[in-house]
Amino acid sequence: REWTKVKNYQEIIFERTGKIAKLTMNRPEKHNAFTPLTIEELIDAFTICRDDSTIGVIILTGAGNKAFSSGGDQSIRGNGGYVGADKIARLNVLDLQHLIRIIPKPVIAMVKGWSVGGGNILQLVCDLTIAADNAMFGQTGPKVGSFDAGYGSGYLARVIGHKRAKEVWFMNHWYTADEAYAMNWINKVVPLEQVEEVTLEWCDEILTKSPTALRFIKAAMNADTDGLAGIQQLAGDATMLFYTTDEGKEGRDAFNEKRKPDFDQFPKFP
Ligand code: 1HA
């Protein structure tokens, strides 16, 4: 497969091969710990993927074989968040979590090595996770004076169960890829040297499916978890489809032509 670079960034790599995009957190010297800039760049790249109708599936991964991500970069943690060049303390990874949830395309985490803290929550909010057999999962928040009481707790509890989620957060143990698999935390474990090949095979398979069907399934499952904000996404997809129908267009056209709409011509399905 041939990879082409889509855009240049400082702390991530954004490449694509065919309809598959790959976003790589690229700070391997710190196990891909993220800064506000890493997150800003990921949000930009995910937004490009969202708008580009020739991209059907997105892989999120970390550079090298040692880590997916070790979470927020503790060396730039300031008063109230992580501080970048603009000196503003931010928790902008929360915006990225939300974007990964609402982007209407499958996002697959490809995890090699450490998946820790806020990095592990990024893996969690991806739709699917394929891990190398050297992957290691864990939350460190209470050890380092942090916590994610949003998706990192509530959604984690939905995915692995309340008892296990509390164990993860109270004990801050490490879990191997096989243990994480047994907990339903991730979808598949493969030998390190095959992880990219298998991830790309999953992408290829997904790309043969109806994108609209996948979009609705993702929105529907999120709606069940995300309350009214989740229903809003699902509802937005319904509006999008309705706008493509003759019935929807009749309302628009009647308004623009200053006449009464004729909705009688359209079928009322049982
Ligand atoms: O909880 C949140 C949030 C919650 C709500 C809203 C927003 C949030 C945003 C972020 C977070 C968090 O992510 S909190 C959790 C932050 N992360 C951690 O506590 C993990 C810290 N790292 C480790 O425990 C270990 O590095 C490790 C178990 C992942 C790997 O250990 P290992 O293999 O022994 O490597 P190590 O030598 O520790 O790491 C290699 C280099 O990377 C070290 O630098 P060096 O001594 O070579 O100069 C190490 O300091 C650096 N490094 C690793 N992780 C981080 C890091 N530097 C900064 N921040 C890191 N997270």
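Just so it is clear, none of the values below were taken in a lab; they were calculated from the coordinates. Computed from a predicted model, the values in this text were never measured in an experiment. Quick reminder, even Gly has a Cβ in these numbers, built from the backbone with ideal geometry, and neighbours come from all protein chains shown.
Observations on the model:
- Net charge dipole, the range 211-256: roughly 160 debye, given to the nearest 20, about the Cα centre with Cβ charges of +1 for Lys and Arg and -1 for Asp and Glu.
- Counted over the chain with a bin width of 10 Å, the fraction of Cα pairs per bin, in whole percents, is 7, 28, 33, 19, 8, 5, 1.
- Ranking of H162, H98 by count of other Cβ atoms within 10 Å, fewest first: H162, H98
- The base-10 log of I(q)/I(0) for the range 81-155, evaluated at q = 0.15, 0.25, 0.28 Å⁻¹, reads -0.57, -1.22, -1.30 [Debye formula, identical scatterers on Cα atoms, solvent excluded].
- Viscosity 1.567 mPa s, temperature 4 °C, Stokes-Einstein D of the range 1-104 from Kirkwood C-alpha radius, µm²/s: 92
- Comparing M171, M136, M240 in a Gaussian network model of the chain, where Cα atoms under 10 Å apart are tied by springs, the biggest mean-square fluctuation is seen for M240.
- Alpha-carbon centroid distance for the pair the range 1-50 / the range 173-228, whole angstrom: 19
- Placing pseudo-labels 7 Å out from each Cα toward the beta carbon at Q74 and Q265 gives an inter-label distance of 6.7 nm.
- Virtual spin-label span in nm between H173 and Q194, 7 Å along Cα→Cβ: 2.8
- Remark on W114: its backbone amide H falls under 5 Å from those of A67, F68, M136, a criterion applied only to residues 5 or more positions apart or on other chains, H modelled at 1.01 Å from N.
- Projected label points at Y243 and D95, each 7 Å from Cα along the beta carbon direction, are separated by 2.3 nanometres.
- In loop segments of the range 119-226 as defined by DSSP, the chymotrypsin sites (Phe, Trp or Tyr not before Pro) with at most 16 further C-beta atoms inside 10 Å of their C-beta are F147, W174.
- FRET efficiency, 1/(1 + (r/R0)^6) with R0 51 Å, evaluated for K87 and T17 via beta carbons: 0.85
- Evaluated with a Cβ-only charge set (Lys, Arg +1; Asp, Glu -1), the chain carries a dipole of roughly 500 debye about its Cα centre, given to the nearest 20.
- Between T244, H173, I13, the Cα set farthest toward the positive side of the dipole of the chain (charges on each charged residue's Cβ, about the Cα centre) is that of H173.
- Working note: Karplus 6.51/-1.76/1.60 with θ = phi - 60° gives the range 33-47 the couplings 4, 9, 10, x, 5, 3, 5, 4, 5, 5, 4, 4, 5, 4, 5 Hz, where Gly and Pro are set to x.
- Length added when fully stretched, V144-L228, from 0.36 nm per residue minus Cα-Cα: 26.9 nm
- Gaussian network model of the chain, Cα within-10 Å springs - most flexible of F14, F34, F242: F242
- Positive-pole candidate from I76, Q123, L96, dipole of the chain, charges at beta carbon: I76
- Take the Cβ atoms of E29 and A235, set R0 to 51 Å, and the FRET efficiency comes out at 0.70.
- Extension gain from R158 to E250, taking 0.36 nm per residue of separation minus the Cα-Cα distance: 28.9 nm
- Secondary structure note: in the chain, about 40% of the DSSP beta bridges are antiparallel.
- Here the 3J(HN,Hα) profile of the range 198-210, calculated from phi with Karplus coefficients 6.51, -1.76 and 1.60 at θ = phi - 60°, is 5, 4, 5, 5, 4, 4, 4, 5, 4, 5, 7, 8, 5 Hz, Gly and Pro shown as x.
- The range 6-72: relative contact order in percent, alpha carbon pairs under 8 Å with at least 6 residues between: 39
- Across the range 211-256, counting alpha-carbon atoms alone, Rg and Dmax equal 12.9, 39 Å.
- Between amide H atoms placed 1.01 Å from N, distances below 5 Å from V6 occur with F14, E15, R16, all of them 5 or more places distant or on a separate chain.
- Note: relative contact order over the chain, using C-alpha pairs below 8 Å and six or more positions apart, is 13 percent.
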